[in-house]
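**Q** This is the structure I want to talk about, given as structure tokens.
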Amino acid sequence: MIRINEHYLKLQASYLFSDIARRVSSFQEANPDREVIRLGIGDVTRALPQACIDAFHRAVDEMADEAKFRGYGPEQGYQFLREAIAKNDFQARGAEVAADEIFVSDGAKCDTGNIQELFATDIRVAIPDPVYPVYLDTNVMAGRTGSFVDGRYQGILYLDSVKENNYVPDIPKEKIDLIYLCFPNNPTGSTITREQLQSWVDYARDAKALILFDAAYEAFIRDDSLPRSIYEIQGAREVAIEFRSLSKNAGFTGTRCAYTVVPKECMAYDSQGGKHAVHALWNRRHCTKFNGVSYPVQKAAEAVYSEEGKRQTRELVDYYMRNAALITRAVDELGFHYVGGENSPYVWIGSDRDSWEFFDQLLSEAGVVCTPGAGFGKCGQGYIRLSAFNSHANVERAMERIRRSLG
Ligand code: MLT
């Protein structure tokens, strides 16, 4: 008899963004004349930078030419892209990362979801609340948690990220083995200072723990004093893996390209206390389960690091950040408590109502889709998240409608 992985039965009925998409579709079916503006899922709306489009076209032409055609590429990514990443995203900022420590992939969602496979099922895991649901759900699937009781999975240490700690979790008192951090944060848009990140790295070194640092939104940082990479922090190479994505800065949500950095010094331990390089383990997994990102996509990604590509990417990020400013101005005028929007495309808005009721009100009265904070965890109850990924015109109209509905 074929049996299932029963840990899946502990999961909530559906993935947050699928649930929202379903609610929005039924609203649209019931109200075909209402135009809905989507500020929910963080999906970009602007076209790819021209430098990427040109590189993409050239690479497709190469694939059409037998003399230049390429079949399977290196699973870890082509050297041209790994070198461009190491040089521009890290070395240029004084962070020591070598090209062979970069693993190119088709998404930070997959990488942050898959990485936990490398670690034992009985480790202690700390996950922020609120959180991007992938970190939590993949640990549930792997059997690292008990049941879902009163809005939380047993066995997980939740790191509350609330108004009182400025949405940056406090260092736990107990020893934890695996820690997920994301800054600029999804969903709150909060940021972490160098000193705070140094404390986390020091904690991880002391506990022989590992930090999984999701930096998918680093391009939105405006404040130069904030760290963009965990490798700007002393000692991080021994205890941190970093995840990056080209989705939000260069518009690759549909094109798919991201990468994970696993420094050679980064160690994990077997049951006898023997040390193992995480780099070798991830490389083994990657080669076994992944066949690389397509050549044209990697050429398009390389173009992000050309001079025009950098300028065009900056323009894209600036465009969305102007939307973030429109959102923060409106919620400020309406008198809501909020965080984010300054160094992040997300604005996290607090209220005294239930998150899903707030979501329903904005959808039915204003025709605006947000993300209910409760979908990101217990600490998200009472909040909603607005995303800056849409056109100026749509964000302006959405804010006007929200003013009318809530003002
Ligand atoms: C979000 O809206 O939180 C993100 O778009 C989700 C993702 O990047 O997978």
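The values are calculated or read from the model by the stated rules, or taken from the named source; none is laboratory data. Bear in mind the structure is a predicted one, so any value in this text is a computation, not a measurement. Note that each Cβ is placed from the backbone with ideal geometry, even for glycine, and that neighbours are counted across all protein chains shown. Ligands, DNA and RNA are stripped out before the accessible areas are found, and what is left, the full protein with its side chains, is counted by its heavy atoms. Shrake-Rupley method; radii C 1.70, N 1.55, O 1.52, S 1.80 Å.
**Q** When region 345-388 is examined, which residues are found to be away from the ligand (no atom under 16 Å from the Cβ), in a helix (DSSP H, G or I) and out of contact with any strand residue (DSSP E or B) (no Cβ under 7 Å at 6 or more places or on another chain)?
**A** E357, D360, Q361, S364, E365, A366
**Q** Counting just the residues of region 128-178 that are of a type in the set (D, E, K, R), within 22 Å of the chain's Cα centre (by Cα) and surrounded by fewer than 15 Cβ atoms within 10 Å (Cβ to Cβ), which one comes out nearest to W348 (Cα to Cα)? Before you say what the answer is, go through the steps one by one.
**A** Narrowing region 128-178 to residues of a type in the set (D, E, K, R): 129, 137, 144, 150, 152, 160, 163-164, 170, 173-175, 177.
Pick out the ones that are also within 22 Å of the chain's Cα centre (by Cα) and you get 129, 137, 144, 152, 160, 163, 170, 177.
Within this subset, residues satisfying the condition of being surrounded by fewer than 15 Cβ atoms within 10 Å (Cβ to Cβ) are 163, 170.
On the way: K163: 11, D170: 19 Å.
Only one residue fits best here, namely K163.
**Q** Go through region 44-70 and give me each residue that's assigned to a loop (DSSP other than H, G, I, E, B) and either within 16 Å of the ligand (Cβ to nearest atom) or touching a helix residue (DSSP H, G or I) at 6+ places or on another chain (Cβ under 9 Å) (or both).
**A** As a first pass, look at region 44-70 and keep what is assigned to a loop (DSSP other than H, G, I, E, B): 44-49, 64-70.
Residues satisfying the conditions are V44, T45, R46, A47, L48, P49, K68, F69, R70.
Per-residue answers, yes or no, for (1) among the acidic types (D, E); (2) open to solvent by less than 10 Å² (accessible area, probe 1.4 Å); (3) outside the structural domain of D43 (by TED's automatic domain parsing):
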residue: V201; (1), (2), (3): no, yes, yes
residue: R205; (1), (2), (3): no, no, yes
residue: E218; (1), (2), (3): yes, no, yes
residue: Q234; (1), (2), (3): no, no, yes
residue: I241; (1), (2), (3): no, yes, yes
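**Q** OK, next. Taking Y346 as the residue in question, decide whether it is farther than 22 Å from A21 by Cα, in contact (Cβ under 8 Å) with a residue 60 or more places away in the chain and not charged (D, E, K, R).
**A** Values: farther than 22 Å from A21 by Cα: no; in contact (Cβ under 8 Å) with a residue 60 or more places away in the chain: yes; not charged (D, E, K, R): yes.
Here the answer is no, as Y346 does not meet what is asked.
**Q** Provide a single number: the residues in region 277-333 that are more than 23 Å from the chain's Cα centre (by Cα), open to solvent by less than 60 Å² (accessible area, probe 1.4 Å) and under 23 Å from N343 (Cα atoms).
**A** Number of matching residues: 2.
**Q** Can I ask one more? Does any residue in region 34-45 that is open to solvent by 70 Å² or more (accessible area, probe 1.4 Å) come within less than 8 Å, Cβ to Cβ, of a residue that is more than 15 Å from the ligand (Cβ to nearest atom) and of a type in the set (F, W, Y) six or more places away or on a different chain, and which pairs are these?
**A** Here the result reads R34/F27, each pair linking region 34-45 to a residue that is more than 15 Å from the ligand (Cβ to nearest atom) and of a type in the set (F, W, Y).
**Q** Do any residues in region 221-239 that are within 12 Å of A204 (Cβ to Cβ) and assigned to a loop (DSSP other than H, G, I, E, B) have Cβ atoms under 6 Å from those of residues that are among the charged types (D, E, K, R) and open to solvent by 10 Å² or more (accessible area, probe 1.4 Å), where the two are at least six apart or on different chains, and which pairs are they?
**A** G235/R205
**Q** Right, here's the next one. Considering region 24-43 alone, what residues qualify as being farther than 17 Å from R401 by Cα, charged (D, E, K, R) and away from the ligand (no atom under 15 Å from the Cβ)?
**A** E29
**Q** Given (1) within 16 Å of the ligand (Cβ to nearest atom); (2) in a loop (DSSP other than H, G, I, E, B); (3) not acidic (D, E), identify the lone condition not met by K109.
**A** All conditions are met except number (2).
**Q** Going by the conditions given, is S190 closer than 18 Å to V317 by Cα and either in a helix (DSSP H, G or I) or open to solvent by less than 10 Å² (accessible area, probe 1.4 Å) (or both)? Quick ask: steps written out before the conclusion?
**A** Details: closer than 18 Å to V317 by Cα: yes; either in a helix (DSSP H, G or I) or open to solvent by less than 10 Å² (accessible area, probe 1.4 Å) (or both): yes.
Yes.
**Q** What do you reckon, is K87 modelled with pLDDT of 95 or more, farther than 23 Å from E307 by Cα and open to solvent by 50 Å² or more (accessible area, probe 1.4 Å)?
**A** Details: modelled with pLDDT of 95 or more: yes; farther than 23 Å from E307 by Cα: no; open to solvent by 50 Å² or more (accessible area, probe 1.4 Å): yes.
Answer is no for this residue.
**Q** Which one is most open to solvent (accessible area, probe 1.4 Å), of the residues in region 251-265 that are more than 14 Å from the ligand (Cβ to nearest atom) and under 21 Å from L81 (Cβ atoms)?
**A** Narrowing region 251-265 to residues more than 14 Å from the ligand (Cβ to nearest atom): 259-265.
From what's left, under 21 Å from L81 (Cβ atoms): 259-264.
Values: Y259: 3, T260: 0, V261: 0, V262: 0, P263: 0, K264: 90 Å².
Residue satisfying both the conditions and the ranking: K264.
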